[in-house]
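Notes for the one structure printed next.
Values quoted throughout were computed directly from the atomic coordinates according to the rules given, and no laboratory measurement underlies them. Given the structure is predicted, the values throughout are model-derived calculations rather than measurements. Cβ: placed from backbone, ideal geometry, glycine included. Neighbour counts: every protein chain shown.
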Protein chains: 2
Amino acid sequence: MTRFAFTVEFDGRPFMGWQRQAHGPSVQQAIEEALERITSERAVLHCAGRTDAGVHGLAMRAHADIAKDITPFRLMEALNAHLKPDPVAILACEVVADDWHARFSCVGRAYVYHILNRRAPLTFEKGLVWQVPQPLDAIAMAEGAAYLIGRHDFTTFRSAHCQAESPVKSLDRLDVVREGDRIAVHAEARSFLHHQVRSMVGCLALVGMGSWTPADMAAALTAKDRGALGLNAPPDGLYFVKAKY
Amino acid sequence: MTRFAFTVEFDGRPFMGWQRQAHGPSVQQAIEEALERITSERAVLHCAGRTDAGVHGLAMRAHADIAKDITPFRLMEALNAHLKPDPVAILACEVVADDWHARFSCVGRAYVYHILNRRAPLTFEKGLVWQVPQPLDAIAMAEGAAYLIGRHDFTTFRSAHCQAESPVKSLDRLDVVREGDRIAVHAEARSFLHHQVRSMVGCLALVGMGSWTPADMAAALTAKDRGALGLNAPPDGLYFVKAKY
């Protein structure tokens, strides 16, 4: 068996999420089925971070063990051919050591969340950004974001369905960058809780609207209570950007 | 009658082009029908540059004369509400002088053409960029583009359906800019011939692939013959960016 690592770009709009689901299409299923058509093997795909329905991937990392004798380049080309018309593309493929694991070897994850801050409806980017019509104060959002940096109990920003053993996580980066009517929130950590980025962004949007003060972010964090969450941002604007090994 | 000027963003994928067509949906028809629902008037919409099927607009300018007493802001909001779910958004609306004309007052047009230069298939951007799998040399493309700047007979780069009186146009800008696997070609002129930008970009891509030398651009131009055209780029990557008044 050879372990192949993949770098995957996907548009999350048509999928129920990364992970296989009984009730709808998933990125994992699309790639596993393409692998089976190429290799006649039932390989299991492991990824760096399972994404929710509607969340996108720019460079998700994943791996699978394959017995068939095939070069990484030919496997990548065959996967891209078989994945059509699904909006999933294998950007890179390489052979890795047998003990390399897309999820367990990963020591850092980066996400970006894109907000389009304008009144006019979306055209090109329906499902690809979160449109917020009220003017957002990105300076206040950045000030609020700073309270979350560091090692904290993120219970407030954690979905009820989160399976992580502990709600304590170290947040390394939460930058808010405005360019014209676009606001990008960049988040980096060793790992995140379920819905953590969307919950942080939702509350930051409340700060941007003036409904919350920047210090309300600290109060929400200290509450350690999901009931203190102001708003969970929609999946549309969320992209898995990078996995660090 | 009051003359309203509009700034319009549209995703060209579902449309047969800007101009009304008997055989399919158009941006003009979508906006004119929304206007009629709001005003009960049959206003005619004039635009700065009619775009082909599949071509996009970031800030197309257009105007219409309306009798109804309505503020520009309310008209814009009502249009955006009535345009749904079409991927057309009115970004700005203002009252202009009766002799201001979206087409005839326009003294400069800017387009950008987006190429995604990679082997992997498109995911987010199907229909929104031209995917070119062969490696493109953007330096050579920029060198070839320079031959087209200035006042020339652009017959080679003109569609057989072009209705312009003369094939002589002054090209003010044709810049080729690479950022990672993306190449943007920026084109500016007082006006363009039908298919001119796509035809110039198609030939530049041949230069990028090494099929043409940069100087072959000059030879194609000098030929003044549509038969000397190497390649017409698809509409997918073309965006109307700006009209100057």
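Just a few scattered comments:
- Taking the range A:113-245 and dividing mean pair separation by its residue count, relative contact order in percent (alpha carbons under 8 Å, at least six apart): 32
- DSSP-assigned coil residues among GluC sites (Glu not before Pro) in the range B:103-194, each with at most 10 further Cβ atoms within 10 Å: B:GLU165
- All alpha carbon pair distances within the range B:64-197 were sorted into 5 Å bins beginning at 0; the resulting P(r) in whole percents reads 2, 8, 13, 14, 14, 15, 14, 11, 7, 3, 1, 0.
- Working note: Cα atoms of the range A:2-96, range along each principal axis, descending, whole Å: 34, 23, 22.
- The protein assembly as shown: radius of gyration over Cα atoms, expressed as a fraction of 2.2 N^0.38 Å: 1.10
- What separates the B:MET209 label point from its copies, with the point 7 Å along Cα to Cβ, is 5.1 nm, written shortest first.
- With its label point put 7 Å out from Cα toward Cβ, A:LEU231 sits 4.6 nm from the same residue's point in the other copies, in order from shortest.
- Applying a threshold of 30 Å to the alpha-carbon distances of A:LYS242/B:LYS242; A:LYS169/A:LYS242; A:LYS84/A:LYS244; B:LYS169/B:LYS242 flags A:LYS242/B:LYS242 as lying beyond it.
- On the principal axes of its alpha-carbon atoms, chain A has extents of 59, 40, 31 Å, going from largest to smallest.
- Low-density loop cleavage sites - chymotrypsin sites (Phe, Trp or Tyr not before Pro) in the range B:81-121, where at most 12 other Cβ are within 10 Å (DSSP): B:PHE104
- In nanometers and ordered shortest first, the copy-to-copy spacing of the A:ILE149 label point, defined 7 Å from Cα toward Cβ, is 4.3.
- Over the residues of the protein assembly as shown, the helix contribution to mean residue ellipticity at 222 nm works out to -7500 deg cm²/dmol, using -39500 (n - 2.57) for each DSSP H run of at least 4.
- Database remark: amide H of A:PHE154 closer than 5 angstrom to the amide H of A:VAL168, A:LYS169 (H placed geometrically; neighbours at sequence offset of 5 or more, or on other chains; Pro and chain starts carry no H).
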